[in-house]
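Colleague: I'd like to ask some things about the structure below.
Readers should treat all values here as calculations from the given coordinates under stated rules, not as data from a laboratory. From a predicted model like this one, the values you see are computed outputs, not experimental measurements. Neighbour counts run over all protein chains shown; Cβ positions are idealised from the backbone, glycine included.
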C-alpha cells in the first residue's frame, strides 16, 4: 500500500504541475514575448550547469543510499549529514565559479545575478533524503506550496515585457524557499552526529560516478537552448523552450513511476529480492508504454491549434516543433523504465552512464550542423535522435537480463491504437478552429478511440498485470 500511496501522491502532484503551467505559460508568453521567454531560457540554461556540477550526482546517489540504509537510524543519520555537508561545500565552490563567470560577462549580467539565487538555494536541497525514505508526501506538499506561491507572485508583479527580471527573481527565490521548508521535517527522522564522526569525502567518488550521466543528460537538455541562443539568438531559444516545456509537462506523468520506484527497487535489491526487481520493471514498462504512445500521438495531432491558443500567434512556429519533439515522450518513457527504475537501483551504473554519454555525443555531433541549417527544428531533431540512441543502447544491454518479449510483446497494440487515434483527431480538426472547446473535443474523442481500439486488440499482458495488481491490493 505504501508504494501505491507514494505513486498517488507523486501522480497527483504531476497533475498539479500540469495545471499550473497551463495558467502561467500563456500569460508569460504574452506578457514577456518571445524575447523575454528566450532571455530566461538562455540565462537559466547557463546557471543549470553550475547547479549540476555543484550538486555532483548527490540527488540520485543520496536517494539510493538512503533507500539502502534507512533501516538503521544511526547509519542513516550519519549518511544524511555527510551528504548534506558535502553538498554545502560543492555548491559553495560552484557559487565562487559562477561569480567569476559573471565578472567576465557583460550581456544579461543582471539576469545572471538573479538566476544565481537558484544556485545558492540548491545547497539546501534535501529532497533526495525524503525520496529515499519513500516519504513523497513531504516533497509533494512542499513543491505544491512553491508552485502556488510563485503563481500568485507572477500574476501580482509581472505585468509588462520589462518585468523579466522580476519573473526570474520569483522563480529562483521560490525554489530556494521551497528547499528551506524541507528542513523542519528532517529533525524527526535523523539524529545529531558529531562532526568528527563524519566522513564526507567517501561519498565523492560514487557521487561523481553518478554525475557523469547527469552531465551527459544535461547536454541534451540545456545545451540545445544555449547553442540556439548563441547561434540563432534568444528568440530561437525561446521557441525551443516553450515546445520543450509542454513536452516535459506531459513527461512528468510518465516519469512519475520512476521517481517512486527507484527507492522501492533499490530497497528490494538491497534485500536480495531480484525477482521483485524484474517484476517491477516489466510492470512499469507496460504501464508507461500504454500511456506514452497515446500522449505522444495525441499531442502531435493537436500541436498546431494548441500552440495558437496557448502561446499566441507570435509563437506559431512552436506547433511544428512540438509535433516532432513529441516522439521523445515514448523514448524517454522507455529509458526511464530501464535506466531509472532498473539500472540505477541495481547499481549497473556503467551501462546507464555509457548510454547517456553516447546520447550526449550524438547530440553534440548533430546539434551544430542541424541548428545552422534548420535552426530550432534542427535542435529538436537532434534531441529526438539522442533520446532514440539512449533507449536503443539500454534495451540492447539488458536484453539478456530481462526478456524483451516480456517488456515489449504488446507494444504494437499500443502503437496501432495511437496511430488510428492520431488519424481520427486530424480528420476532426479540419472542421474546427483553434479554440479551447474544439481542442477539448478532439482530446476526448482521441481518448475514446484509443481505449476502444485497444479494447478490440485485447492487450493480454497489460490486462493480466492490472488483474494481479488489483488482487495483491485487496
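Colleague: Three principal axis extents, largest first, for the C-alpha atoms of the range 2-472, in Å?
Modeller: 72, 59, 41
Colleague: Between the range 349-373 and the range 117-190, what is the C-alpha centre distance in whole Å?
Modeller: Between the Cα centres of the range 349-373 and the range 117-190 lies a distance of 31 Å.
Colleague: Moving on. Hey, can you rank 386-398, 171-183, 35-47 by average C-beta count inside 10 Å, highest first?
Modeller: Values: 386-398: 21.1, 171-183: 18.0, 35-47: 23.3.
So the order, starting with the most tightly packed, is 35-47, 386-398, 171-183.
Colleague: Something else now. Starting from a Cα-only point model with no solvent, please compute log10 I(q)/I(0) by Debye for the range 16-141 at q = 0.18, 0.21, 0.22 1/Å.
Modeller: For the requested q values the scattering log ratios are -1.02, -1.14, -1.17.
Colleague: Let me ask something else about it. With r defined as the distance between the Cβ atoms of residue 423 and residue 373 and R0 fixed at 41 Å, what FRET efficiency is calculated, to the nearest 0.05? Present the calculation step by step, with values, prior to reporting the outcome.
Modeller: Details: r = 31 Å, r/R0 = 0.75.
Taking R0 as 41 Å, the efficiency between residue 423 and residue 373 is 0.85.
Colleague: Please give the peptides 320-328, 376-384, 448-456 ranked by average Cβ packing (other Cβ atoms within 10 Å per residue), highest first, as a rough proxy for protection.
Modeller: 376-384, 320-328, 448-456
Colleague: Taking the Cβ-Cβ separation of residue 104 and residue 316 as r and a Förster radius of 45 Å, what is the calculated FRET efficiency to the nearest 0.05?
Modeller: Efficiency, rounded to the nearest 0.05: 0.75.
Colleague: Quick one, can you get me the convex hull of the C-alpha atoms of the range 278-363 expressed as volume per residue in Å³? Working shown, then result.
Modeller: Working: hull volume 8.5 nm³, N = 86.
That works out to 99 Å³ per residue.
Colleague: Then there's this: Take peptides 308-319, 123-134 and line them up by average Cβ neighbours within 10 Å, highest first, as a rough protection proxy.
Modeller: Top to bottom by mean Cβ count within 10 Å: 123-134, 308-319.
Colleague: Before anything else, pin down the relative contact order of the chain: Cα pairs under 8 Å, at least 6 apart, normalised by residue count, whole percent. List each step's numbers first, then the result.
Modeller: Numbers: 647 pairs, mean separation 91.0, N = 474.
Computed over the chain, the figure is 19 percent.
Colleague: Most exposed first by the Cβ proxy, i.e. fewest other Cβ within 10 Å, how do 253, 100, 361 rank? Please list the in-between numbers first.
Modeller: Details: 253 20, 100 10, 361 15.
Fewest-to-most ranking of 253, 100, 361: 100, 361, 253.
Colleague: With a ≥ b ≥ c the root eigenvalues of the C-alpha gyration tensor of the range 68-157, is it rounded (a/c under 1.5), prolate (a/b larger than b/c) or oblate? If you can, show how the numbers build up before the last one.
Modeller: On the way: a/c = 4.91, a/b = 1.41, b/c = 3.48.
Taking the square roots of the gyration eigenvalues as a ≥ b ≥ c, the range 68-157 is oblate.
Colleague: How far is it, in nm, from the label point at residue 396 to the one at residue 73 when both lie 7 Å from their Cα along the line to the Cβ?
Modeller: Calculated label separation equals 5.0 nm.
Colleague: Which of 160, 346, 354 has the fewest other C-beta atoms within 10 Å, and how do the rest follow up to the most?
Modeller: Ordered from fewest to most neighbouring Cβ atoms within 10 Å, 160, 346, 354 come out as 160, 354, 346.
Colleague: Hey, another quick one. Using 1/(1 + (r/R0)^6) with R0 = 51 angstrom and r between the beta carbons of residue 199 and residue 447, what's the FRET efficiency to the nearest 0.05?
Modeller: The pair residue 199/residue 447 has a calculated efficiency of 0.45.
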